[in-house]
Structures are given as structure tokens and as C-alpha cells.
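Single-structure report; data block below.
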Amino acid sequence: MLPLPESNFQSRREFLRGLGLASAGTLLSTSLFERSVWAADVEDPLLAGRPLVRYPQKADLILLTSRPPQLETPIHYFEKAITPNDAFFVRYHVPPPTSVDLSTWRLKITGHVDKPLELSLDDLQRKFTRTSVVAVNQCSGNGRGYFSPRVFGGQWANGAMGNAEWTGVRLREILSQAGIKSGALDVTFKGLDRPGFTSIPDFVKSLNVSRISSDPDILVAYEMNGQPLPMLNGFPARLVVPGWYSTYWVKHLSEITVLYKEFDGFWMRKAYLIPNTPCACVEPGTTPASMVPINRMNVRSLIVSPHNGTHLPAAKPVTIKGIAFDGGVGLQEVSVSTDKGVSWEPAQLGKDLGNYSFREWSFNWTPTRKVSYRLMARAKNRRGESQPSDALWNPSGYMRNVIEGVDVMVD
Ligand SMILES: Nc1nc2c(c(=O)[nH]1)N[C@H]1C(S)=C(S)[C@@H](COP(=O)(O)O)O[C@H]1N2
Ligand SMILES: [Mo]
């Protein structure tokens with residue numbers, strides 16, 4: 001049934017056990033908490049109360065919710081441009097599938113097409129061109145926990161993102177085999193996960209046909225960093241929409257439907273909306289006049305090391321390190337300030353893994369005075385777009401990209 005490496009196979013029971021569910025219908029067993037380590041980060045009040053937990057195929061990650069599983073990546077993993085599969089964050093709206101039987105799993109392409117298709121994983125791997133892209137998968141609500149005034153939704157710190165090399169086949173190649181009929185407007189994507197007994201609508205997302213045909217980087221990916229996708233990141237295949245927020249990156253993809261009209265489902269029309277203003281923002285606490293579906297990511301940078309609260313010796317060189325990325329334009333520069341944003345100096349950019357990837361950067365610094373310093377990083381892309389010094393606000397807590405600061409003590 002599974003032409004897969006041992007490590008990827010999990011029986012339903014094993015997986016449930018790992019999720020802390022002894023059997024369907026029971027609440028979390030103690031096993032989840034026995035595995036939990038300690039509070040994720042005592043330096044960040046947002047993370048201080050959260051345990052680190054270990055799910056199947058995963059390293060210790062920061063627990064946001066267990067039902068459905070939502071796990072965030074500890075920030076130190078971002079010292080490297082590629083996020084390891086086991087450290088990659090996890091986000092679900094509904095309970096995830098606990099196993100997938102590849103002998104019956106098919107990716108169905110239906111709707112307004114000449115020839116509906118039903119593809120097995122083997123078909124995807126053998127009948128289409130294998131292609132790869134390195135791209136950041138970032139939740140729209142990454143950093144929502146820092147919003148002020150606060151907003152509803154998962155109070156993520158900055159670990160609801162990751163960067164991987166995704167390998168699979170081009171969505172447009174699959175669709176051209178099925179043959180999109182003329183007049184088609186939208187394409188919808190649906191995964192295996194189903195709302196349980198909750199009142200949450202099925203998680204279905206859409207992209208329009210012209211966008212799909214013009215973008216060779218949108219993939220149906222079956223590998224992540226050279227390995228099959230971890231179950232919690234969408235095994236056996238997921239949509240990868242480089243440059244766009246991960247709400248579009250539908251996991252456990254099972255149905256692609258071509259529509260001759262615009263899709264008006266809940267997850268496109270009612271959820272994941274941003275203010276229809278150039279900054280995608282409104283006056284804090286106010287209601288936007290009109291909203292549009294969230295789409296391309298804005299420019300961000302983060303300082304990964306040293307972390308907040310670090311004590312550094314005076315007159316000793318230290319390397320400030322971090323990552324930066326944008327929605328696919330590509331980075332122009334990252335600059336660093338050690339004086340609360342008064343002056344900025346260019347950081348050294350690391351290897352370029354493509355326009356959709358994290359870019360490592362570093363900055364050598366020798367603190368002279370025995371005081372506390374605020375370190376800041378600011379990225380700019382090739383279109384001149386940069387990060388704001390005051391946080392932009394929207395009611396859903398999306399697209400956070402304010403210049404962040406890290407406070408260190410030199411003594
Ligand atoms: N099938 C399915 N795909 C999904 C979701 C989901 O709930 N179900 N959530 C989306 C959202 S909002 C995010 S942030 C990403 C998270 O991807 P990851 O769990 O692989 O990190 O998955 C996206 N794809
Ligand atoms: Mo998300």
C-alpha cells in the first residue's frame with residue numbers, strides 16, 4: 001500500500017497516540033503532556049506560558065492549540081534559511097487526517113474541463129515534469145499575538161512560518177492535461193480534512209485561472225526538502241503558492257475543481273480578508289470600508305540571534321544574524337540599527353536561494369558602551385518596498401511586518 005520510507009508510515013493508532021488522542025472521541029491523553037518540555041521562551045511574554053510539545057514526525061514545537069493541532073516553530077530554527085521538516089510549523093482549521101492510504105488516495109481534477117483526471121501519487125511523480133522551488137510558507141496571522149490593540153484569532157508569535165524546497169509538478173501542467181474549457185474563471189482546492197462535529201465550513205480555497213496559467217511556480221508538491229511531506233504538513237501532496245500567504249497552500253490536496261464562475265465559498269468571501277487599502281491597513285480599532293482576499297506577502301525581516309534579553313560583553317565582536325523575505329520580488333538590502341533606528345548600516349546578505357526564499361543576513365558589531373541596546377533590522381525589496389516603523393493594523397491581525405527590535409544588555 002505504501003511505496004514509502006518506513007519513517008513515513010504511520011498506522012492510525014500510532015498517529016492518534018502521537019497526537020495525544022488515545023482513541024477517537026477521547027480528550028487529550030497525558031502522553032502529550034508527558035512529552036512536553038518546558039515553557040517555550042521565557043524572554044517573550046507571549047511564549048512564556050506555552051509548552052513545547054512533540055507530535056509525530058515533529059521536533060519539539062510550541063503549542064498554540066491541540067485541537068486542531070497548531071504548533072509554532074521556535075525562532076532559533078530561522079538561523080538557517082531552510083527550515084527542517086520536523087521543525088516546520090503546523091496549522092489546521094479542522095482536525096487533520098491521521099493517515100492517508102496511497103492505494104486509494106487520488107487527486108481529482110473535475111468541473112469545467114475537457115477531460116476529468118484522477119491521479120495517484122505515482123501518476124504525479126511519473127507522468128509530469130518534476131520541478132522545485134524554494135519558498136516561504138507563512139501564515140497570514142504570523143505575529144498576530146503582538147497586535148495592539150489585540151485582535152481575535154490564534155495569538156501566534158513569529159514562528160508561524162517556514163522556508164523549504166518544495167518539489168512536485170506545476171499546477172498549470174496538470175490543468176492543461178485536463179484541458180480547461182473556455183470561459184473558466186476560478187479553480188478551487190480542497191483537502192482531505194473535513195470539519196468534524198463543528199460548524200466550521202469545509203476548508204476550500206480558490207485561485208483564478210489567469211493567475212494559474214501565468215505562474216509557473218505554483219506547484220502541487222509531494223516533497224519538502226527532498227522528503228515526502230510530513231503528515232501534518234499535507235501528506236501526500238499540497239498546493240504551494242510561492243509569494244502568497246499559506247492560507248492558499250491547501251494540504252492533503254484531493255480535489256481541484258475548475259469553475260465557470262467566481263468561487264464564493266466561506267474561506268474566500270468571509271475569511272482571510274484584508275482591508276482594500278494600499279497598506280492593507282486601517283486606523284487601529286476601526287472597521288474597514290471594504291475588504292479583499294489576502295494575497296501576496298509583504299516584506300519582512302527578523303533578528304534571530306542574539307535573542308531578546310541576551311547579555312553581551314563590551315568590546316567583543318558579535319554577529320547579529322537573521323532572515324528576510326518578501327512576496328517574490330526579491331530582496332535589495334537589509335540594514336541594521338543598533339541605536340533605536342537613528343542610523344542604519346547595510347547587513348551582509350547570505351546565499352540567494354531564489355526570490356521566494358528566506359535570505360540569511362548577518363552584521364558584525366562590536367558594542368562599545370556598557371548600556372542596553374535595541375537592535376533592529378529592516379529589509380527592502382527590489383521594488384523599494386520596505387517595513388514600517390509603526391505597526392500597520394487590520395482587524396484580523398494579518399500581514400504583520402513592522403520593524404522588530406531585540407533588546408540586549410552590554411555589561
Ligand atoms: N487542508 C488544509 N490545508 C491548509 C489548512 C487547513 O486547515 N487544511 N490551513 C492553511 C493555513 S491557514 C496555513 S497557515 C497553512 C499551514 O501550513 P503548514 O501546517 O504546513 O505549516 O496550511 C494551509 N492549508
Ligand atoms: Mo494560516
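The values are calculated or read from the model by the stated rules, or taken from the named source; none is laboratory data. Just so we're clear, the structure is a prediction, and the values are computed from it rather than from any experiment. Cβ coordinates were reconstructed from backbone atoms using ideal geometry, including for glycine residues, and neighbour counts include every protein chain displayed. Each accessible area value is taken on the protein alone, full model and side chains, heavy atoms only, with ligands, DNA and RNA left out. Shrake-Rupley method; radii C 1.70, N 1.55, O 1.52, S 1.80 Å.
Using the Cβ-Cβ distance between N208 and K316 with R0 = 45 Å, the FRET efficiency computed as 1/(1 + (r/R0)^6) comes to roughly 0.25. What a 1.4 Å probe finds exposed on region 191-241 is 57% carbon and sulfur by accessible area, rounded to a whole percent.
F358 contributes an accessible area of around 0 Å² to the protein surface, as traced by a 1.4 Å probe with all chains present. Note that region 300-410 presents 46 Å² accessible area per residue, ligands and nucleic acids not counted, probe 1.4 Å.
Other residues within the sphere of radius under 13 Å centred on the Cβ of P68, judged by their own Cβ, net out at +3 (K and R +1, D and E -1). Among K127, K270, K380, K251, the order of accessible area from largest down is K270, K127, K380, K251, computed with a 1.4 Å probe on protein heavy atoms. Each peptide in 100-112, 142-154 was scored by the mean count of other Cβ atoms within 10 Å over its residues; highest first, the order is 142-154, 100-112.
Note that region 382-394 has calculated 3J(HN,Hα) couplings of 6, 9, x, 6, 9, 10, x, 7, 10, 4, 7, 10, 8 Hz, one per residue in order, obtained from phi through the Karplus relation 6.51 cos²θ - 1.76 cosθ + 1.60 (θ = phi - 60°); glycine and proline are x. Selection among P278, L121, Y222 by position relative to the dipole of region 107-293 gives P278 as farthest towards the positive end (Cβ unit charges, Cα centre).
Rounded to the nearest Hz, the phi-derived 3J(HN,Hα) couplings of region 335-350 under the Karplus curve 6.51 cos²θ - 1.76 cosθ + 1.60 (θ = phi - 60°) are 10, 10, 10, 10, 10, 6, x, 6, 10, 10, 10, x, 8, 8, 8, x, where x marks glycine and proline.
Computed over protein heavy atoms with a 1.4 angstrom probe, the accessible surface ordering of E345, E223, E165, largest first, is E345, E165, E223.
Among the cysteines of the chain, those whose beta-carbon sits 4.7 Å or more from every other cysteine beta-carbon are C139. Sorting V342, V220 by accessible area puts them as V342, V220; the probe is 1.4 Å, largest comes first, and only protein heavy atoms count. For the cross-link pairs K127/K190; K190/K321; K80/K190; K340/K370; K58/K380; K127/K351, which exceed 27 Å when the distance is taken from alpha carbon to alpha carbon? Flagged as over cut-off: K190/K321; K80/K190; K58/K380; K127/K351. If only the Cβ of Lys and Arg carry +1 and only the Cβ of Asp and Glu carry -1, the dipole of the chain around its Cα centre is close to 360 debye. Surface exposure of region 107-293, expressed per residue as accessible area with a 1.4 Å probe, stands at 39 Å².
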